[in-house]
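Structure first, commentary second.
Just so it is clear, none of the values below were taken in a lab; they were calculated from the coordinates. Quick caveat: nothing in here was measured; it's all calculated off a predicted structure. A quick note on method: Cβ atoms are made from the backbone with ideal geometry, for glycine too, and the neighbour counts reach across all protein chains shown.
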Amino acid sequence: MSFSDITVSMVLKAVDQTKQGISQTRKNLQDLEKQVEKTNINLKKTFKESALTIANIASSALNLYNAYDRLAAVQARLMSL
């Protein structure tokens, strides 16, 4: 083998390895993109559930406050009798 044959062989091998590396990188990026999409969907779902839970807690607290307020009003009326 001559020097130029060895050089061409090395260049071809380097190009082949680079193609394989780029192909693997592309596959890894696609896998990561899928994971990010799944995580984003889960995060949206969790955020919506958290917001709904907070709204339900606030509503329950207001209902409890109103119940105590009505009870206090009834007690005041009974005491005035």
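When residues of segment 1-27 are filtered for being exposed (fewer than 10 other Cβ atoms within 10 Å of the Cβ) and of a type in the set (G, A, S), how many remain?
Selection size over segment 1-27: 2.
Which numbered condition trips up L81, out of (1) exposed (fewer than 10 other Cβ atoms within 10 Å of the Cβ); (2) in a helix (DSSP H, G or I)?
Against the list (1) exposed (fewer than 10 other Cβ atoms within 10 Å of the Cβ); (2) in a helix (DSSP H, G or I), L81 comes up short only on (2).
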